Structures are given as structure tokens and as C-alpha cells.
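To start, the structure itself, in C-alpha cells.
The values are calculated or read from the model by the stated rules, or taken from the named source; none is laboratory data. Everything quoted here is computed from the prediction, not taken from an experiment. Counting neighbours? That spans all protein chains shown, and the Cβs are built from the backbone with ideal geometry, glycine included. With ligands, DNA and RNA removed, areas are computed over all heavy atoms of the protein, side chains included. Shrake-Rupley method; radii C 1.70, N 1.55, O 1.52, S 1.80 Å.
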Amino acid sequence: LIEQIRSSGIPANKLCFELTETATIANLSAASEFMQKLSAIGCHFMLDDFGSGLSSFAYLKQLPVDYLKIDGLLVKDILDDPIDFTMVKAINEVSQSLGQQTVAEFVESPELLEAVKEIGVDFAQGYEVGRPELIDS
């Protein structure tokens, strides 16, 4: 993979690999080695669906993660569920204290977008921000 990246002409610092929290934790040793090697050449990493297994907080310090995508199942109900709101806020604060940027999934209304902004989440993903589009080749 490293050779393919180098021969592609694409700067490694423009690549961000998205790994699910569950798969990363289930294969922690291999995932950590993979992430370390690719981080060394400049690649970035995002943990997807973070919050589905909160034991992962313990592993965040060990992994070279640049972005943390907060599980949409937590994000979607923060307007109505104070526990989900508090969990999203806590995940955001821990992530940012480690120098990581956060992404909120399932942001599908103006009110939800405003709420994640107030919490301090860096990026939003969902229909309120933009619908999926075909890429012309």
C-alpha cells in the first residue's frame, strides 16, 4: 500500500483512511501497526462510529487518529435525549483534548446542525449539510 501511495503521485497527507471503531479495537495490534506505518508517511486516520463501544476511550491515546467521527446513533437524538447530548459532548471534549478533530454523523436538520456547533464539533455529515452526489469521471 505504501508503495502504491508513493507511486500514485497523490501526496500522502491528502489521504485519510476511515476505520470503524469496532474493527480497529477488535484488531488493535494490527490496526495500530497499520496506522503507525501510514501515519509515518503522512496519511491521516478517522475512527468511524465512535461511541458505539465506549471502552475505546482507553485506546484513543495509543492510536494515531486525526479525526473522530461520532456515531450518528448518538448524534441524531441529542435534541431530545439529554444523555445522548452529554455523551456526544464528552466524546467531543476528550477527542479535542487529544488534538483530534470531530465529525458528527446523521446531521439532518438545521436544529441539529446548530446543536453540534454549540457543542464544538468541528465537522458535520448528513443531509442538512449535503446530499450524496455522483462523481463525474
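Please state the charge dipole magnitude for the chain, taken about the Cα centre, from unit charges on C-beta atoms (+1 on K and R, -1 on D and E), reported in debye and rounded to the nearest 20.
In debye, rounded to 20, the chain gives about 720.
Over the Cα atoms of the chain, Rg to Rh with Kirkwood Rh, two decimal places? Walk me through the numbers before you get to the answer.
Working: Rg = 15.8 Å, Rh = 15.8 Å.
Radius of gyration relative to Kirkwood radius: 1.00.
Kindly provide the trypsin sites (Lys or Arg not before Pro) of region 56-119 that DSSP labels as loop, not H, G, I, E or B, and whose Cβ sees at most 12 other Cβ atoms within 10 Å.
Details: sites: 61, 69, 76, 89, 117; in loops: 61, 76.
Hits after loop and neighbour filter: 61.
Using only the alpha-carbon atoms, how far is helix 110-119 inclined from the longest principal axis of the chain? Give it as 0 to 90 degrees, nearest 10.
Helix 110-119 sits at roughly 70 degrees to that axis.
Relative to the longest principal axis of the chain, what angle (0 to 90°, nearest 10) does the C-alpha long axis of helix 28-40 take?
So the inclination is approximately 70 degrees.
Amide H neighbours of residue 102 under 5 Å, at least 5 residues apart or on other chains, H built in the peptide plane: list them.
68, 122, 123
Can you give the net charge of the other residues whose Cβ lies under 10 Å from the Cβ of residue 50, counting K and R as +1 and D and E as -1?
-4
At 1.4 Å probe size, with every protein chain present, just tell me what the per residue accessible area of region 1-42 comes to in Å².
Working: 2730 Å² over 42 residues.
Roughly 65 Å² per residue, with all protein chains present.
On full extension of the chain, what length is gained from residue 30 through residue 136, given 0.36 nm per residue of separation minus the C-alpha to C-alpha distance?
Full extension from residue 30 to residue 136 adds 34.6 nm.
Check cross-link reach from residue 76 to the lysines: straight Cα distance under 27 Å, and skip same-chain residues fewer than eight apart.
61, 89, 117
Relative to the first principal axis of the alpha-carbon coordinates of the chain, what is the inclination of helix 82-97, with its axis defined by its Cα atoms, in degrees from 0 to 90 and to the nearest 10?
For 82-97 against the chain, the angle is about 30 degrees.
R0 = 35 Å: FRET efficiency of residue 62 with residue 83, Cβ-based, nearest 0.05?
The value I calculate is 0.80.
Express the relative contact order of the chain as a whole percentage, based on alpha carbon pairs under 8 Å and six or more residues apart in sequence.
Reported as a whole number, the value is 17 percent.
At a 1.4 Å probe, what is the % contribution of carbon and sulfur to the accessible area of region 1-79?
Taking all protein chains in place, region 1-79 shows 54 percent carbon and sulfur surface.
How large is the accessible surface of residue 25 in square angstrom, using a 1.4 angstrom probe and rounding to the nearest 10?
Here the residue's solvent-accessible area equals roughly 40 Å².
Between residue 94 and residue 117, what's the calculated FRET efficiency when r is the beta-carbon distance and R0 is 22 Å? Round to 0.05.
Here the calculated transfer efficiency is 0.75.
What does the accessible area of residue 122 come to, in Å² to the nearest 10, when a probe of 1.4 Å is used?
In the full protein context, residue 122 sits at about 70 Å².
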